[in-house]
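Only one structure is covered here, and it is reproduced in the block below.
The values are calculated or read from the model by the stated rules, or taken from the named source; none is laboratory data. Quick caveat, the model's predicted, so the values are computed rather than measured. Here the Cβ positions follow ideal geometry from the backbone for every residue, glycine too, while neighbour counts run over all protein chains shown. For accessibility, only protein heavy atoms count, side chains too; no ligands or nucleic acids. Shrake-Rupley method; radii C 1.70, N 1.55, O 1.52, S 1.80 Å.
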Amino acid sequence: MQLYSYFRSSAAYRVRIALNLKNIPYDMEPIHLTKDGGRQHSAEFRTLNPAKRVPALVLESGDILTQSMAIIEYLDETHPQPPLLPAGPVQRAKVRAVAQIVACDIHPLNNLMVLQHLKRALKQEQPEIDAWYHHWVIDGFNAIEAAIDPTPYACGAQVTLADICLVPQVFNARRLKVPLDRFPKIVAADAACQKLAAFDKARPENQPDAE
Ligand SMILES: N[C@@H](CCC(=O)N[C@@H](CS)C(=O)NCC(=O)O)C(=O)O
């Protein structure tokens, strides 16, 4: 498998964690999201993913998968151990809800292309853009803080899709200096995950394209 990734991409970070948890070997194909105007816009990459985003996962069959949540679901279906969702349907729905607060509510508002649009088309200054970023992370993290009970992972004793989505978002929040002191449960779940090799290996600074 080949993973098209960027070290700082939180969506690619989710997939790296899932691949590592499942112990699936893969080759990394870095796509720099800002050099040369963003290499996700190149004609070559757009044939892989017309949405011009990472991650994309190329399977041995040649099939190309995009969208981190779809890729992770595929990995969980084809490599069921360890499972990324709990057994009971109610628990599964709760895990998916936490994951989707990150993937559907927070991340789409704070993605690179959104921040670039605020700056380039809407002529916002950096302090306003930072305030936008902080606002949506804090709003989503308030919801997650109320929903989780780290014991020690976000949704129980087993690592789940919730942790896979939460850890990269916490990494980005720290990088952009969002204060996390009012989110002790999120910080605790992140700390528990960081002790696991699968999460450590997926960290942005441990990627071949890290800067
Ligand atoms: N919903 C998509 C989001 C993918 C996405 O937006 N990735 C970002 C990096 S985290 C990207 O490639 N952005 C390119 C850009 O903003 O130009 C997923 O989960 O895979």
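General observations
- Every test in (1) acidic (Asp, Glu); (2) surrounded by fewer than 18 Cβ atoms within 10 Å (Cβ to Cβ); (3) under 21 Å from Leu21 (Cβ atoms) is passed by Asp63 save one, and that test is (3).
- Selection count, segment 14-23, where residues are more than 9 Å from the ligand (Cβ to nearest atom) and open to solvent by less than 10 Å² (accessible area, probe 1.4 Å): 4
- When we screen Ala51, Ala56, Ala11 for residues that are surrounded by fewer than 22 Cβ atoms within 10 Å (Cβ to Cβ) and near the ligand (Cβ under 10 Å from one of its atoms), the only hit is Ala51.
- Filtered residue count, segment 167-211, keeping only those that are closer than 20 Å to Asn23 by Cα and in contact with a Pro (Cβ under 7 Å, 6 or more places away or on another chain): 2
- Candidates are the residues of segment 24-34 that are without any contact (Cβ under 8 Å) to a residue 60 or more places away in the chain and within 14 Å of the ligand (Cβ to nearest atom); the one that is farthest from Val159 (Cα to Cα) is Ile31.
- Looking at segment 1-96, the helices (runs of 4 or more DSSP H) lying wholly inside it that each contain 1 or more residues that are in contact with a strand residue (DSSP E or B) (Cβ under 9 Å, 6 or more places away or on another chain) and within 19 Å of Val167 (Cα to Cα) sit at 10-21, 68-78.
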